[in-house]
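To keep things clear, I will list the structure first and then write my remarks on it.
The values are calculated or read from the model by the stated rules, or taken from the named source; none is laboratory data. Everything numeric in this text was worked out from a predicted model, so none of it was measured. Glycine gets a Cβ as well: all are built from the backbone with ideal geometry, and neighbour counts include every protein chain shown. We work out accessible area using only protein heavy atoms, side chains counted, and drop any ligands, DNA or RNA first. Shrake-Rupley method; radii C 1.70, N 1.55, O 1.52, S 1.80 Å.
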Amino acid sequence: MIDIGSGLASRPVGRSIAAFALVASLSVVAGSADTATAAADVCELTKEELTITDLPAGRSVIKCDAVGRVVTYEGTGVTVPEPGTAVTVDALSVDGESHGFTMEVDSNGIVSYDLSEADSADASTVGSDITDNATPPEGAPSEESDSVDADASDTGTGAELAEYDVTSSPSACNDGTYSTADRKEYGTYEWYVGDGGMPAGLSQENAKWAFWDAIDNITESYNNCGYSDQVGAEMNYRGPTAREANINSSNSCTSRDSMSTWDAGNLKDRTVALTCSWTWPMPGVKNDLREADVRFNTTENDFTNKPTSSCVGKIDLRSVATHEAGHVFGLKDLYGSDENLTMYGESFFCSTKARTLGKGDVLGLRSIY
């Protein structure tokens, strides 16, 4: 005889077992998903020097404990900054092989990169200078030096070198190519000259005037193409300093110290000069420049401040300095057939043409300022 009551009673028990099994199954799946998500957030940065693969875009520098670590890409590097900061390294070489990149860490600590050479910056330049609460180190100069000295002469004789465009490329005044970075000096670029040996054997004082002339080429958009100065960029020399540019011999940007220093020292082989720029991200507009340091590689290169017709194997200091100042104020390197423009990403021996801006250089600055 069939026990109908037992049979009826067994149905809900069966359903309960099935329901329990389903819940258990879903719990396992959910648990697996949680575990996978947690695993994705875990960083074990075991290498002393990282690459962009070790710390890819989308990672958190907070969870990865990456602030202060060096991340490299194609021969250049940056020290991971605090959240809410971006850092860019730009390298100039004698063969055009060294480039650079940007790492940006948003306010939540999430990493992103700009590895491109093309213009990928925000279109809008309408923004304002944000007050930097950080203060320069104790003992930093607070007033502009008013001493004057002439440029030091280079060793050798001969008439000062005349400069001509490379005929295989568009002339400087006919080439309107430019590329801009996600960077703008909304206020005044305050800069210092470091101590120690200077390029071209110049004294610290004479180096100041060479650098000043180069930065002025950018802020005043100096050119021979007939373009008036419509660039609103400004700079102010603050004086000499015993501080060094926050750049090391491995072509890496170290941590910023709130002083924009121009100096000389050792960089990687074939590197002529390197610029490191730190900015504060500003959504919708170009990032606000906080500091930009420049170093000239005097270990590997022989610089001259006045190339003459007898110049051999030397690099014009003010041409390189004008190029680096272009980076400071937001211009990117150019390649290909743009050899006659200041922002071409390769340095030429005994050439002075980069001292004078071309059409593209001027238009690029106008697009920012």
Check: Out of curiosity, is S277 open to solvent by 10 Å² or more (accessible area, probe 1.4 Å) and in contact with a Ser or Thr (Cβ under 9 Å, 6 or more places away or on another chain)?
Finding: no
Checklist line | Boolean, D195 is touching a helix residue (DSSP H, G or I) at 6+ places or on another chain (Cβ under 8 Å) and open to solvent by 10 Å² or more (accessible area, probe 1.4 Å) | finding: yes
Check: Is it true that some residue in region 305-316 is polar (S, T, N, Q), touching a Lys or Arg at 6+ places or on another chain (Cβ under 8 Å) and under 16 Å from D95 (Cα atoms)?
Finding: no
Margin query: For region 339-368, give me each residue that is among the small types (G, A, S) and open to solvent by 10 Å² or more (accessible area, probe 1.4 Å).
Written below: S347, S351, A354, S367
Notebook entry, point to check: So which residues in region 213-246 are assigned to a strand (DSSP E or B), open to solvent by 10 Å² or more (accessible area, probe 1.4 Å) and under 25 Å from D195 (Cβ atoms), if there are any at all?
Noted result: M235, N236, R238, P240
Checklist line | Selection count, region 335-355, where residues are over 21 Å from T308 (Cα atoms) and in a strand (DSSP E or B) | finding: 1
Next item on the list: Look at T322 and say whether it is open to solvent by 40 Å² or more (accessible area, probe 1.4 Å) and outside any strand (DSSP E or B).
Entry: no
Item checked: Test: residue in region 283-290 that is assigned to a helix (DSSP H, G or I) and either on the phi > 0 side of the Ramachandran plot or in contact with a strand residue (DSSP E or B) (Cβ under 9 Å, 6 or more places away or on another chain) (or both) -> no
Notebook entry, point to check: Within region 77-91, is even one residue at pLDDT below 95 and either assigned to a strand (DSSP E or B) or buried (at least 16 other Cβ atoms within 10 Å of the Cβ) (or both)?
Noted result: no
Next item on the list: Among the candidates F303, F348, F296, F329, single out the residue that is modelled with pLDDT under 95 and either closer than 16 Å to A207 by Cβ or in contact with a helix residue (DSSP H, G or I) (Cβ under 9 Å, 6 or more places away or on another chain) (or both).
Entry: F348
Check: In region 185-206, how many are touching a residue at least 40 places away in the same chain (Cβ under 8 Å) and in a helix (DSSP H, G or I)?
Finding: 5
Next item on the list: Run I110 past the list (1) over 19 Å from the mean Cα position of the chain (by Cα); (2) open to solvent by 50 Å² or more (accessible area, probe 1.4 Å); (3) at pLDDT 75 or above; (4) hydrophobic (A, V, I, L, M, F, W, C) and report the number of the one that doesn't hold.
Entry: (1)
